[in-house]
Number of protein chains: 4
Amino acid sequence: MMLKELRERAYEANMDLPKHGLVVFTWGNASEVDRDKGLFVIKPSGVDYDELSPENMVVCDLDGTVVEGDLNPSSDTPTHAYLYRAWDSIGGVVHTHSAAAVAWAQAGRSIPCYGTTQADYFYGEVPCMRGLTQEEIEEAYELDTGKVIVEGFAGTDPVAQPGCLVRNHGPFSWGKDAAQAVYHAVVIEEIAKMARDTELLCGAADKSAADALAPQYLLDKHYLRKHGPHAYYGQGK
Amino acid sequence: MMLKELRERAYEANMDLPKHGLVVFTWGNASEVDRDKGLFVIKPSGVDYDELSPENMVVCDLDGTVVEGDLNPSSDTPTHAYLYRAWDSIGGVVHTHSAAAVAWAQAGRSIPCYGTTQADYFYGEVPCMRGLTQEEIEEAYELDTGKVIVEGFAGTDPVAQPGCLVRNHGPFSWGKDAAQAVYHAVVIEEIAKMARDTELLCGAADKSAADALAPQYLLDKHYLRKHGPHAYYGQGK
Amino acid sequence: MMLKELRERAYEANMDLPKHGLVVFTWGNASEVDRDKGLFVIKPSGVDYDELSPENMVVCDLDGTVVEGDLNPSSDTPTHAYLYRAWDSIGGVVHTHSAAAVAWAQAGRSIPCYGTTQADYFYGEVPCMRGLTQEEIEEAYELDTGKVIVEGFAGTDPVAQPGCLVRNHGPFSWGKDAAQAVYHAVVIEEIAKMARDTELLCGAADKSAADALAPQYLLDKHYLRKHGPHAYYGQGK
Amino acid sequence: MMLKELRERAYEANMDLPKHGLVVFTWGNASEVDRDKGLFVIKPSGVDYDELSPENMVVCDLDGTVVEGDLNPSSDTPTHAYLYRAWDSIGGVVHTHSAAAVAWAQAGRSIPCYGTTQADYFYGEVPCMRGLTQEEIEEAYELDTGKVIVEGFAGTDPVAQPGCLVRNHGPFSWGKDAAQAVYHAVVIEEIAKMARDTELLCGAADKSAADALAPQYLLDKHYLRKHGPHAYYGQGK
């Protein structure tokens, strides 16, 4: 069986989704890519988390074709594959239906950056993508979901905004590996709750939510103390 | 003791209700039917979940009359029985007072389909039934609850919209068996939360919630990739 | 040591408060009365739940004077004592700061009866009491809290509405014993969440919450199928 | 290794943050000071809670300079140090990103005192500080965060209002030791939820939230029955 360590890591990342409360039933999936081999490992479709194992994960090439595995891969596999093809800088992808983030996606709204919790990981908003057209949905739905995400990030560094909302659907996130993509999925759910309540509290006080936006210099400070050459958060690992 | 396996399955389904956080105390019940024998197994009334066992479940015929069991069946038994009589296509029924779904039922509102989480299981909204009249409530409350549900689904396939809200009361769901009825009860609670927050987020941005509705072609895609002859989600089981 | 069994029951009731998520730290207390002896057992003041035992519970007479116990009784003891003196029909009292119920108390609003979850236990609303005057607060705060509750229930059967909200403070509930008073405290918290979301959902649809009230005949049906001579819910115990 | 007991206490306080649901990942920190030695112990930066130990906590002097420890201290260390320098009356400091409190901080709003849950610990509101200027953020962000807090408390006793919200960021709290600072962090999160829902319920009933404020005499009663020479809550310890 190939890619033993990658299977382990992709398995662990998938198992972390229900542990963090992001997933009920089978409503989520994580994958990680091996750039040298041009292969990624992803959750099999519709399999319960307590039946997952490193061994029943599915190996696909970057076209999303199964290379090893007896089970069908996640139905979202073409989305993962497209993101890996489009963006060399990412190593892991996660999709969930976590409730607070889905609410923003369903409202068709980007999550504005109201504070440092978001700024620590997102250099700006969590953008909501345009809805897919009828043609896109009918012809190649999951592939076109990937295309709409990449289109929405034109001119934007996906490393600096490591996730988005797909309209009427839910959050996708990514990172240097599957574990970091899970981490960013948790971040999105937490800031989705915080930003929702921020707006309700502004509304209750007849205050404009626009005035609650984090100023650009706060965003710069928080994002850059964690990322880039001048980062000083953590242990410098 | 008859129907040993059916008792087991109905018991497991009932035990899953508090496990999924849908039920506090005894506020819920699940049943499953054996179509060949014309009997169903249901939770006894007002018995704590930690005192339940396959053996103390109650067996009823499709008129809701107890056929085997020392305990009174759930007070909602006539509702379950009526749904089984009216709809051959269902094999299990669940009723809960899960909080987010109850809020929609109390508001007298159907849950609009704002996204794919709902579309994966409901081909449209989760409909809220009309309120029972005073006469219906006073004469045969639980039976008439079943009649109002079936009336509300006239022209609608209960398999394609496997649940509803009873006004001022709470959610009922169903499926091919009790386990799937529980699954749909979880779906209803999750989408009740998501749809509530979707509307709050639309309101906060002075945006019409009507514009947030999932388009029909997205609904078609998601429902039909999981159901029917062209389904491709899961392992084809 | 006196009242061994009553100490056990009062202890268990207190321990159930954090178990049901109604209490953080020491923010709650439960008591149960022995009507024959004219004594009740209550939680000691400010003692952590994991340091509680049947033995360190405090025994008081109906004036709230300590009869047995080395620790100070709950600071709310005069409220419990006054309710026991005023209402022969109750056997247990509970006070918590459960979050959703406190929000209604802080808003100074009674919880309207929007559905059957409430109607099963409350024959009507969960009433919010008037605020205490400055004089009442300064002179005998905890005793006067009891007086304001009893005043608010003038003409109302406390068995049929087994709890209330004290303005700017939180819920008090009662029952035939401490365990039932805890049960009613859970009911209040659950319906507080449901009613809050009911109103938000009515607001989001520009619908009057008044139209969402449970009709009187539904209230009659649900309350009376669980209580009184014609009750048929449960096992007739 | 110095300050063995202080390391233990600071470690326990940090571990209590995720236990109380205030922290996900590494989004929080607690410290405690030894006034005699002029040293405080704080969490290392970006280290997972399950890798923490009393031994890997970091010892700093009141300028925030590391005195003992192989790891970098929390990036918020200059804020903790400044608060210890400014206020002799405090012995522990906590910072979290607990969701409900962050929402108030992001809305730029102080939490009004709507009831006794808050009044038991805060003699008034939980104040929201002014936003830091671009210069403050760019020059000495964490130090200036401390300065802005102390400036915001000019004329206010930090013991009587043991916490605040830093705008667009989140809550800071303090107490006589790290454990009490954690306690106050829990209080802030609980009252943040209660006050949010209080305002939503006032809004749903077209009622002014200003009318829901706890009257001054209730605030006096509750705060002073727990604090100061006339306190009578608890066991007089």
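Kindly indicate whether B:CYS128 is crowded, with 24+ Cβ neighbours inside 10 Å, under 21 Å from B:GLU199 (Cα atoms) and touching a residue at least 24 places away in the same chain (Cβ under 8 Å). When the stated conditions are applied, B:CYS128 does not pass them. Scanning for something farther than 19 Å from C:ALA107 by Cβ, crowded, with 18+ Cβ neighbours inside 10 Å, more than 12 Å from chain C (Cβ to nearest Cβ) and among the acidic types (Asp, Glu), does the range D:186-197 turn up at least one residue? No: zero hits. Which of the residues that make up the range C:144-185 are in a strand (DSSP E or B) and closer than 30 Å to D:TYR223 by Cα? Passing the criteria: C:GLY163, C:CYS164, C:LEU165, C:VAL166, C:GLY170, C:PRO171, C:PHE172, C:SER173, C:TRP174.
Within the range C:189-237, being assigned to a loop (DSSP other than H, G, I, E, B), aliphatic (A, V, I, L, M) and closer than 25 Å to B:SER74 by Cα holds for C:ALA214, C:ALA231. The set of residues in the range A:12-56 that are within 14 Å of chain B (Cβ to nearest Cβ), among the aliphatic types (A, V, I, L, M) and out of contact with any Ser or Thr (no Cβ under 9 Å at 6 or more places or on another chain) comprises A:VAL24, A:LEU52.
Take the range A:113-143 and flag every residue that is assigned to a helix (DSSP H, G or I) and either of a type in the set (S, T, N, Q) or closer than 29 Å to A:GLU190 by Cα (or both).
If the condition is that a residue be assigned to a helix (DSSP H, G or I) and either of a type in the set (S, T, N, Q) or closer than 29 Å to A:GLU190 by Cα (or both), then A:THR116, A:THR117, A:GLN118, A:ALA119, A:GLN134, A:TYR141, A:GLU142, A:LEU143 are the ones that fit.
Is it the case that the range B:113-132 has a residue that's within 14 Å of chain A (Cβ to nearest Cβ) and touching an Asp or Glu at 6+ places or on another chain (Cβ under 6 Å)? Yes: the range B:113-132 contains one or more residues that are within 14 Å of chain A (Cβ to nearest Cβ) and touching an Asp or Glu at 6+ places or on another chain (Cβ under 6 Å). Scanning the range A:214-236 for residues that are buried (at least 23 other Cβ atoms within 10 Å of the Cβ) and farther than 30 Å from D:ASP70 by Cα turns up at least one hit. In this entry, A:ARG7 is excluded by the filter for residues that are outside any helix (DSSP H, G or I), buried (at least 20 other Cβ atoms within 10 Å of the Cβ), of a type in the set (Lys, Arg) and at pLDDT 95 or above.
Number of residues in the range C:184-209 that are in contact (Cβ under 8 Å) with a residue 60 or more places away in the chain and of a type outside the set (S, T, N, Q): the value is 14.
For the range D:210-225, a residue qualifies if it is facing another protein chain (nearest Cβ under 7 Å) and small (Gly, Ala, Ser), and the qualifying residues are D:ALA212, D:ALA214. Criterion first (in contact (Cβ under 8 Å) with a residue 40 or more places away in the chain and surrounded by 24 or more Cβ atoms within 10 Å (Cβ to Cβ)) does D:TYR123 satisfy it? Against the criterion (in contact (Cβ under 8 Å) with a residue 40 or more places away in the chain and surrounded by 24 or more Cβ atoms within 10 Å (Cβ to Cβ)), D:TYR123 does not qualify. Looking at this structure, is D:THR145 of a type outside the set (Phe, Trp, Tyr) and farther than 18 Å from D:ASP76 by Cα? Spelling it out, it is not the case that D:THR145 is of a type outside the set (Phe, Trp, Tyr) and farther than 18 Å from D:ASP76 by Cα. When we screen D:ALA119, D:ALA107 for residues that are aliphatic (A, V, I, L, M) and closer than 17 Å to D:LYS221 by Cα, the only hit is D:ALA119.
Here the condition is being of a type in the set (A, V, I, L, M, F, W, C), surrounded by fewer than 23 Cβ atoms within 10 Å (Cβ to Cβ), over 14 Å from the mean Cα position of the chain (by Cα) and more than 8 Å from chain B (Cβ to nearest Cβ); of C:ALA204, C:ALA179, C:ALA154, it holds for C:ALA154 alone.
Quick check on my filter: what residues within the range A:25-42 are crowded, with 17+ Cβ neighbours inside 10 Å and assigned to a loop (DSSP other than H, G, I, E, B)?
A:THR26, A:TRP27
The values are calculated or read from the model by the stated rules, or taken from the named source; none is laboratory data. Fair warning: this is a prediction, and the values are worked out from it, not measured in the lab. For neighbour counting, all protein chains shown are included, and Cβ atoms are generated from backbone atoms with ideal geometry for every residue, glycine included.
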